[in-house]
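For reference, the structure is listed below as structure tokens.
The values are calculated or read from the model by the stated rules, or taken from the named source; none is laboratory data. Nothing here was measured: the structure is a model prediction, and the numbers come from that model. Cβ sites come from the backbone with ideal geometry, for glycine too, and all protein chains shown count toward neighbours. All accessible areas refer to the heavy atoms of the entire protein, side chains included, with ligands and DNA or RNA removed. Shrake-Rupley method; radii C 1.70, N 1.55, O 1.52, S 1.80 Å.
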Amino acid sequence: MRQNRALVGVLLAVVAACGDAGSGGSGAAGGAGGAAGGTGGDDVCAGVDCNDNNPCTQDVCDVEGACLHPAAVVVTLMQVDGDCAESVCDGTQLSSNADSGDIPIDDGNECTEELCTGGVPQHTPVADGTACGMDGSCAAGLCEAVTCEADADCLDAELDQCLAGACVDCDDTGGCTAPETCDLGLNLCE
């Protein structure tokens, strides 16, 4: 029996020295139990960066340490407001679809209209003659002051009075008649 214990002790010493590849040992009959095994090898994916910076794929390291990029199952994509496009995944490829409801941000020009044309943001000029500003009229997408010498030069239904070289809205009943003049503060003929 002593020889068996000595043999088990030698075997346990050998297993402990080579333990990185094994699992825990078992004790011999009547022995004190086996020595703990090794870790089973290093993690082959430790230190491997599989990020392909593609939101449409999963970043996976396989058992051999190789990177795989299958299509993502659930995708949440960042959308850009006002770019007339919707970012989508087409399998594993990031692409975009035209989105006419994602109108561009207003450019602050009252003589343009914001819209999408084929997925491209546009600031299209409104119709020439559209009233703008205090006494202006749109022309080719720009607000220009309307100059006049007489009421007949003022063609806009609201800006129908010529006062000091500018068409103004002084009365919604067709303008002032002489000897009345326009009081711009009250927007009335007096």
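For segment 88-190, the strands (runs of 3 or more DSSP E) that sit wholly inside it and include 1 or more residues that are open to solvent by 80 Å² or more (accessible area, probe 1.4 Å), touching a Ser or Thr at 6+ places or on another chain (Cβ under 7 Å) and at pLDDT below 90 are 142-145.
Scanning segment 50-69 for residues that are over 30 Å from LEU115 (Cβ atoms), open to solvent by 60 Å² or more (accessible area, probe 1.4 Å), part of a loop (DSSP other than H, G, I, E, B) and in contact with a strand residue (DSSP E or B) (Cβ under 8 Å, 6 or more places away or on another chain) turns up GLN58, ASP59, HIS69.
Residues in segment 72-87 that are touching a residue at least 12 places away in the same chain (Cβ under 8 Å) and open to solvent by less than 50 Å² (accessible area, probe 1.4 Å): ALA72, LEU77, GLY82, ASP83, CYS84, ALA85.
Mind listing whichever residues of segment 86-118 are farther than 30 Å from LEU68 by Cβ and acidic (Asp, Glu)? Result: ASP99, ASP102, ASP106, ASP107, GLU110, GLU113, GLU114.
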